[in-house]
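Here is the structure we will look at, set down as structure tokens.
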Amino acid sequence: MRKIGLLPFTILYWLITYTRNLLFDVGLLKSTIIPGKSISVGNLSVGGSGKTPMVVYLTKLLHAEISVQILSRGYGRKSKGFRQVHSLDNAQTVGDEPLRYFQIFAPKTEVFVCEKRQDAVANMKALNPSALIILDDAFQHRYVIPGLQLLLTPFNDQFLDDFHLPSGNLRETIAGAKRADAIILTKCPKLTESERIALRKRYDIFQKPVFFSRIVYADFKAIGKLRSNMNAIFLVTGISSTTHLKNHLKQSLEVEEMNFVDHHAFTRADIQEIHRKFDTFANKEMAIVTTEKDLVKIKELLSESDLRDYPWYVLPISVQFEEEEAFNSMIKNYVRSN
């Protein structure tokens, strides 16, 4: 239920974002077209819409065909300004998502962080003028104009059903979707053809192609003590929403959880508290499970004795499209176009 008491603040936020977008639309605030090829992955709302696995999907799709650079703001990092991610970096210096991209794709793909996308793009083009730039969470950063803009919205929390901050989660009015080149409903269940048709009709007002993707969970991967017959998990996360993940896990396992805020900077004290709480459960076939994004911060805090004594696991995820060939063709046709 939306909070009526926040309506005055919602109107004020709407006015601010509407005015800002209007200034860009009429040219009083200047946007720079990114030279060469670039793809933005973004959303209209705060919270998890699946941007990180989508960036991974696009990079895997394209990096064998074209040189790819990934640009992120680097949320949660303690550094400032433009920075290329290197092997000695950690989540404190570059942020959890950029570090994860680097771990997956280095050295073939370069990863950068910067608050100001315009400055970052100029620096990245100087380093590799022919590279395709994938911008993570840049839909509202209108000082740059990517060649292709992908707008993500979760199936169970679509922006058409949402309200402006702070009453809802929208960063800007739904009219902003007109800037997108394609709309992707993420975290979808298995959809019938008639369901896809009905959902596409909802978005007819934007006259954009609509695609449907789902999260695919792989098998648990052990990073600590092994569990031979896991029947319950202690879920440890620092992400914006665990709803989809918990629904998946509860299909076959008992789930206890310990949640931290999105992009939480884990500490050694957190690890000790996680272990203390885990020790209170009597179920000896329980394991500690975390996400790939959280693992990049947690793993460096785990000692050899921690890994020997506690059953830490990670749950890998990937993206799968309902109409994968059509989506991949759209992306590759853009990359190959003159």
List, please: which pairs have Cβ atoms under 9 Å, are six or more places apart or on different chains, and start with a residue in the range 69-85 that is outside the structural domain of Asp136 (by TED's automatic domain parsing) and end with one that is of a type in the set (Asp, Glu) and surrounded by fewer than 23 Cβ atoms within 10 Å (Cβ to Cβ)? none
Filter the range 248-271 down to the residues that are in a loop (DSSP other than H, G, I, E, B) and of a type outside the set (A, V, I, L, M, F, W, C), then identify the one that is nearest to Asp309 (Cα to Cα). Thr267
Given the conditions (1) assigned to a loop (DSSP other than H, G, I, E, B); (2) touching a Leu at 6+ places or on another chain (Cβ under 6 Å), which single one is not true for Gly74? (2)
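Residue-wise test of (1) closer than 26 Å to Val85 by Cβ; (2) among the hydrophobic types (A, V, I, L, M, F, W, C).
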| site | (1), (2) |
| --- | --- |
| Lys246 | no, no |
| Gln251 | no, no |
| Val255 | no, yes |
| Val261 | yes, yes |
| Thr267 | yes, no |
| Asn283 | no, no |
| Glu292 | yes, no |
| Lys297 | yes, no |
Looking at the structure I just gave you, is Ile274 under 24 Å from the mean Cα position of the chain (by Cα) and either assigned to a strand (DSSP E or B) or modelled with pLDDT of 95 or more (or both)? no
Every residue in the range 109-146 that is in contact with a helix residue (DSSP H, G or I) (Cβ under 7 Å, 6 or more places away or on another chain), assigned to a strand (DSSP E or B) and not aromatic (Phe, Trp, Tyr), please. Val111, Val113, Leu132, Ile133, Ile134, Leu135, Asp136, Val144
Give the residues of the range 58-77 that are closer than 17 Å to Pro146 by Cβ and of a type outside the set (Val, Ile, Thr), sorted by residue number. Leu58, Leu61, Leu62, Ser67, Gln69, Leu71, Ser72, Arg73
Tell me the residue from Ala265, Ala287 that is over 16 Å from Ala91 (Cα atoms), outside the structural domain of Asn90 (by TED's automatic domain parsing), surrounded by 13 or more Cβ atoms within 10 Å (Cβ to Cβ) and of a type in the set (Gly, Ala, Ser), please. Ala287
Single unsatisfied condition, Ala64 versus (1) exposed (fewer than 12 other Cβ atoms within 10 Å of the Cβ); (2) not in a loop (DSSP other than H, G, I, E, B): (2)
Of the candidates Leu245, Leu226, Leu235, the one satisfying the condition of being over 23 Å from Leu307 (Cα atoms), in contact (Cβ under 8 Å) with a residue 40 or more places away in the chain and of a type in the set (A, V, I, L, M) is Leu245
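Counting just the residues of the range 82-104 that are small (Gly, Ala, Ser) and within 24 Å of Val46 (Cβ to Cβ), which one comes out surrounded by the most Cβ atoms within 10 Å (Cβ to Cβ)? Walk me through it before giving the result.
Initial filter on the range 82-104 (small (Gly, Ala, Ser)): 87, 91, 95.
In the following step, the residues that additionally are within 24 Å of Val46 (Cβ to Cβ) were identified as 91, 95.
Working: Ala91: 26, Gly95: 28.
Across the range 82-104, the extreme among qualifying residues is Gly95.
Determine which member of the set Val94, Val113 is free of Cβ contacts under 8 Å to residues at least 40 places away in the same chain, touching a Lys or Arg at 6+ places or on another chain (Cβ under 9 Å) and closer than 22 Å to His263 by Cβ. So that I can check it myself, show each step before the final result.
On the way: Val113 fails: free of Cβ contacts under 8 Å to residues at least 40 places away in the same chain.
Sole residue among the options that is free of Cβ contacts under 8 Å to residues at least 40 places away in the same chain, touching a Lys or Arg at 6+ places or on another chain (Cβ under 9 Å) and closer than 22 Å to His263 by Cβ: Val94.
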Take the residues of the range 147-200 that are among the basic types (Lys, Arg) and either in a helix (DSSP H, G or I) or surrounded by 15 or more Cβ atoms within 10 Å (Cβ to Cβ) (or both): which is modelled with the lowest pLDDT? Arg171
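The values are calculated or read from the model by the stated rules, or taken from the named source; none is laboratory data. These numbers were taken from a predicted model, which means no experiment stands behind them. Backbone-built Cβ (ideal geometry, glycine too); neighbour counts: all protein chains shown.
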